[in-house]
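Single-structure report; data block below.
Taken together, the values in this text are just the output of simple stated rules run on the coordinates, not laboratory data. Predicted model, so just to flag it, every value in this text is computed and none were measured. A quick note on method: Cβ atoms are made from the backbone with ideal geometry, for glycine too, and the neighbour counts reach across all protein chains shown.
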Amino acid sequence: MNERWHQFLALAVVTAIVSGCGSAPPPRSAQDEISKAERFVDSAKDWNRKGQVDQALDNYKQAKELIGKGISFAEGNELSRLRNMEEEVRGAVTALEMRKLTQEASRMEKPPIAANAQVKTEDPEERKRKEEEAAKKKLAAGEARATAAKDDLAKSLSAPLLAAKKEQKGAEPESDVAEKKERPKTGGKEQDKPGEEAAAPIGMRAEGPYPALTDKSPPVQVCKLETRGKAAIVYFQLYNNAEAGKRIMNAIAYFKDVNNQPLIDPRSTAVFPFRSFKPDAANIFEQPLVTALTAGSAQVTGFEGLRLVGVGESERAKDIKKAAVKVIYSDGKSDVDTGPAEGPTDVPGLKALEAKK
């Protein structure tokens with residue numbers, strides 16, 4: 001009896017060892033990365049409440065690196081949590097960067113008025129008058145520097161348009177000359193042919209998804225909406241029908257479903273210049289040749305236009321039916337448009353394109 005019992009125990013031990021050797025290792029957990037990232041996010045919020053923007057941005061950067069590390073191997077609920085944290089961090093970083101630029105612009109435009117350091121035995125009224133004159137000169141110099149900085153930025157943004165104007169002024173293309181000769185004149189002035197569209201501003205001819213800009217174009221126009229897998233892209237253009245330039249402080253893209261409800265948090269969207277924008281980039285937010293707009297980084301020159309692209313990302317991108325854009329300027333005014341009338345265009349994503357090769 002004892003011998004049979006020992007044989008039974010030996011068989012049970014061998015079976016347990018063999019079955020244990022064939023089991024798969026448990027999946028790697030991203031809980032450590034999630035916990036550390038949450039601590040950095042909480043710390044960033046504390047710094048932000050204290051007005052320490054640089055420290056807050058640094059903590060968000062640390063959180064972003066941990067989130068990216070966790071996403072590389074996380075699964076299930078942990079991956080969903082990391083994705084949500086990634087969107088939250090991206091929106092918070094964008095808001096802080098805009099706040100930082102606004103503060104820097106305010107300091108540049110309004111330099112502190114220093115008191116006159118010279119102490120002389122002179123008439124109090126005369127001393128007061130000199131102090132006021134010195135303060136006015138310093139304020140004027142500060143405003144001049146701020147205006148010069150804005151003008152330099154505006155020139156860099158509108159350089160292609162100015163170059164096109166100079167080229168046309170020096171020697172008009174033959175096609176333009178022929179067009180002018182064919183137009184009938186009335187009272188010494190050129191008259192457009194019936195039904196002919198007004199001339200577009202230099203450099204703003206019809207291109208890609210954009211129609212030509214004319215003096216009858218609206219201030220903001222949604223031209224095309226398309227989806228590429230999880231990415232949503234809206235193409236829109238601006239037109240400034242006044243002589244003074246308009247500085248852009250914020251441009252926001254809204255992606256909505258059939259019930260006019262936003263499917264993507266507007267704070268997590270971004271806006272890029274159309275030139276050099278790559279809609280098929282592996283990460284729609286990380287463009288290789290162009291950077292996203294920030295507060296005050298772009299303006300619409302007087303009687304000129306600007307073409308922009310708004311982007312967002314969602315698992316429900318295919319449910320997006322229309323887009324809206326809102327542009328806020330430095331004078332507090334804003335322009336809004338919704339469209340397009342024909343609805344979105346579905347473009348195969350990168351994975352779909354690779355499968356067809």
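Of note:
- Close amide-amide hydrogen proximity is noted between Cys223 and Tyr235, Phe236, Gln237, each under 5 Å apart and 5 or more residues distant or on a separate chain (H modeled in the peptide plane; Pro and chain starts excluded).
- The calculated Kirkwood hydrodynamic radius for region 220-356 is 15.2 Å, given to one decimal from all distinct C-alpha pairs.
- Phi angles across region 127-143 convert, under the Karplus curve 6.51 cos²θ - 1.76 cosθ + 1.60 with θ = phi - 60°, into 3J(HN,Hα) values of 5, 5, 5, 5, 5, 5, 5, 5, 5, 5, 5, 5, 5, 5, 5, x, 5 Hz, Gly and Pro given as x.
- In this structure, the amide hydrogen of Phe274, modeled 1.01 Å from its nitrogen in the peptide plane, lies closer than 5 angstrom to those of Arg307, Leu308, Val309, counting only residues at least 5 positions away or on a different chain.
- Virtual spin-label span in nm between Glu125 and Ala206, 7 Å along Cα→Cβ: 7.3 nm
- 13 Å beta-carbon shell around Lys224, net charge (K/R +1, D/E -1): -2
- Per-selection Rg to Rh, region 27-108 - Cα, Kirkwood hydrodynamic radius: 1.08
- Here the Karplus curve 6.51 cos²θ - 1.76 cosθ + 1.60, taken at θ = phi - 60°, turns the phi angles of region 299-314 into couplings of 8, 9, 5, x, 6, 10, x, 8, 10, 10, 9, x, 10, x, 9, 7 Hz, with x standing for Gly and Pro.
- Relative contact order of region 220-356: 39 percent, from C-alpha pairs under 8 Å at least 6 residues apart in sequence.
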